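Asks: Following this message is one structure expressed as structure tokens.
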Amino acid sequence: MSVVHELSPGWLLDHLAFINKISYELHQHHEPCCSKSRPTSVHLDSLHMDSVSSFGASATFVPSTSKPENDDRGNCEMFIQKYVFRSELFDISKPYITSANHKECQESKEKEDLVNDVKKEIFISINGKKRKRCVAFNQGELDAMEYHRKIRGLILDGSSQLIQEGLTSGFLHSCSEKLNKCSEPITLPLDTCNLSELCEMAKHLPFLNETELQTLQLMEDDTSVTEQDLFSRIVENTSSFTKIITLMGQKYLLPPKSSFLLSDISCMHPLLNCKKTYDVIVIDPPWQNKSVKRSNRYSYLSPLQIKQIPVPKLAAPSCLVVTWVTNRQKHLRFVKEELYPSWSVEVVAEWHWVKITSSGEFVFPLDSPHKKPYEGLILGRVREKAALLLRNADVKELPIPDHKLIVSVPCTLHSHKPPLAEVLKDYIKPEGECLELFARNLQPGWTSWGNEVLKFQHMDYFVALKSKS
């Protein structure tokens, strides 16, 4: 379970435990007894592509087991290789910016009334020297301060309750308990396969007709698949164990009972062609902001492009839509006032993800004017279809409470959001279909789409445990 504690304010989650409860196990037969015959793709070791630029050569799945001539595996010993996510990627023991440092950077307090449009005098410390600067807050900053003022109390009080519960149970550890534990610097894995660039290049592949665009299921008798299949179809691992896919020399783990579509927003038609609708759709759009534009770290979408996502066609009646939003009020207003209405989605709640260290401190000072230790989620219901459903059946919807908190230690990997499956389960029907848009990882029971959908499935983010038979 990823939910460590559940109290009235919300949930304390263990993101790492959620990943590792997934059965990342490769089942392999002993090679000496199984190597005398033609291989079959019981386990994918797989999709090999020799050229980045041409996409000319076909790609084949190379199995990690083989089938004996007599088709009898009774004498073959089974080996199980288990993988776990690297725990050091969740080793956040200290705040990114401490309160003391925050005070040094901004030594004087802002005047009490921060919501009027009057210029303020702020002391700023630069290279040990103080200088005065007059600052006029723009409307966006004023809106952000007003929003923070409204939710500050519930963030602080609710988080304190959940953090205290975590400290009491031993899930979180106080700073004093960690003083003698020297953590080594974290070296992030190098993923040399740029998935988003591959999606861009895949646009030049010839299109398959609709009859050829059926979902590709990776079954035991699969022997090969072309790169065209990977970029134009939903790929499913229907087995109960993990498979490995190799793309441009990089290996990725596919958890059991998971499916994905690797493409960008211009190539979403395979999702629509499969004629499936979803009971919950989680969306993590690449919002535009100044830091993203300066760094050119990843592409972003305009509000108009986000509105064009075919959510109405993908949503089942009464579908729960959950959108991750940055703290920019411009984005919050856009989701509530433009995006959801355009999709016939009614806003029902706003939740908050609060990021803490393993000792229970906020990763940023709560009142930092730059970065806050929380992000928002806007929850809504598809109401147009829901009204028809409620008229034709006795459907009871559990009301979704407002301003719930999801408190967790964040991953050091950029934009690796905490899992929502367990905190949403009470608000969707059992065995409901689940979809994540702009995903960067896979989950059992979910369909995931995005141009970096395999990013956090890269094998460098996992550690192989000792094999067992």
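Asks: Considering each of 375, 361 in turn, give the residue that is open to solvent by 50 Å² or more (accessible area, probe 1.4 Å), within 22 Å of residue 412 (Cβ to Cβ) and modelled with pLDDT of 95 or more.
Replies: Answer to the check: 361.
Asks: Please specify each residue of region 427-469 satisfying the condition of being among the hydrophobic types (A, V, I, L, M, F, W, C) and under 10 Å from the mean Cα position of the chain (by Cα).
Replies: Within region 427-469, 437, 438, 439, 442, 453, 456 meet the criteria.
Asks: Assess whether residue 418 counts as being closer than 30 Å to residue 160 by Cα, part of a loop (DSSP other than H, G, I, E, B) and in contact with a strand residue (DSSP E or B) (Cβ under 6 Å, 6 or more places away or on another chain). Full working, then the answer.
Replies: Values: closer than 30 Å to residue 160 by Cα: yes; part of a loop (DSSP other than H, G, I, E, B): yes; in contact with a strand residue (DSSP E or B) (Cβ under 6 Å, 6 or more places away or on another chain): yes.
In short, yes.
Asks: Consider region 383-407. How many of its residues are modelled with pLDDT under 95 and either within 30 Å of residue 93 (Cα to Cα) or not basic (Lys, Arg) (or both)?
Replies: 13
Asks: Identify all residues within region 302-353 that are at positive phi and open to solvent by 20 Å² or more (accessible area, probe 1.4 Å); write none if there are none.
Replies: Result: 344, single match.
Asks: Now for a different question. Can you find even one residue in region 410-420 that is of a type in the set (D, E, K, R) and open to solvent by less than 30 Å² (accessible area, probe 1.4 Å)?
Replies: No, the conditions are met nowhere in region 410-420.
Asks: Enumerate the pairs (first residue in region 456-468 and under 14 Å from residue 242 (Cβ atoms) and part of a loop (DSSP other than H, G, I, E, B); second residue anywhere and at pLDDT below 90 and among the polar types (S, T, N, Q)) with beta-carbon separation below 6 Å, excluding pairs fewer than 6 apart on the same chain, so at least 6 apart or on different chains.
Replies: Pairs that qualify, where the first residue is under 14 Å from residue 242 (Cβ atoms) and part of a loop (DSSP other than H, G, I, E, B) and the partner is at pLDDT below 90 and among the polar types (S, T, N, Q), are 467/81.
To keep it simple, each residue is scored yes or no on (1) touching a strand residue (DSSP E or B) at 6+ places or on another chain (Cβ under 9 Å); (2) at pLDDT 95 or above; (3) of a type in the set (Lys, Arg); (4) open to solvent by less than 80 Å² (accessible area, probe 1.4 Å).
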| residue | (1), (2), (3), (4) |
| --- | --- |
| 123 | yes, no, no, no |
| 129 | no, no, yes, no |
| 140 | no, no, no, yes |
| 159 | yes, yes, no, yes |
| 162 | yes, yes, no, yes |
| 171 | yes, yes, no, yes |
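Asks: Still on this model: List, please: which pairs have Cβ atoms under 6 Å, are six or more places apart or on different chains, and start with a residue in region 327-344 that is closer than 17 Å to residue 144 by Cα and end with one that is open to solvent by less than 10 Å² (accessible area, probe 1.4 Å)?
Replies: These pairs meet every condition: 331/325; 332/325; 335/323; 335/325; 335/378.
Asks: Where in region 243-356 are there helices (runs of 4 or more DSSP H), lying fully within it, with 2 or more residues that are of a type in the set (Ser, Thr, Tyr)?
Replies: Of the helices (runs of 4 or more DSSP H) lying wholly inside region 243-356, those with at least 2 residues that are of a type in the set (Ser, Thr, Tyr) span 290-295.
Asks: Is there a residue in region 289-299 that is at pLDDT 85 or above and under 20 Å from the mean Cα position of the chain (by Cα)?
Replies: Step one: filter region 289-299 for residues at pLDDT 85 or above, giving none.
Among the residues of region 289-299, not one is at pLDDT 85 or above and under 20 Å from the mean Cα position of the chain (by Cα), which makes the answer no.
Asks: In region 245-288, which residue that is over 14 Å from residue 445 (Cα atoms) and aromatic (Phe, Trp, Tyr) is surrounded by the fewest Cβ atoms within 10 Å (Cβ to Cβ)?
Replies: Among them, the one singled out is 287.
Asks: Which residues, taken from region 421-437, are more than 11 Å from residue 260 (Cα to Cα), open to solvent by 20 Å² or more (accessible area, probe 1.4 Å) and not in a helix (DSSP H, G or I)?
Replies: Residues satisfying the conditions are 428, 429, 430, 431, 433.
The values are calculated or read from the model by the stated rules, or taken from the named source; none is laboratory data. Please read all numbers here as calculations on a predicted model, not as lab measurements. Here the Cβ is made from the backbone with ideal geometry for all residues, glycine too, and neighbour counts use every protein chain on show. Remember, those area values only see protein heavy atoms, side chains included, never the ligands or the DNA or RNA. Shrake-Rupley method; radii C 1.70, N 1.55, O 1.52, S 1.80 Å.
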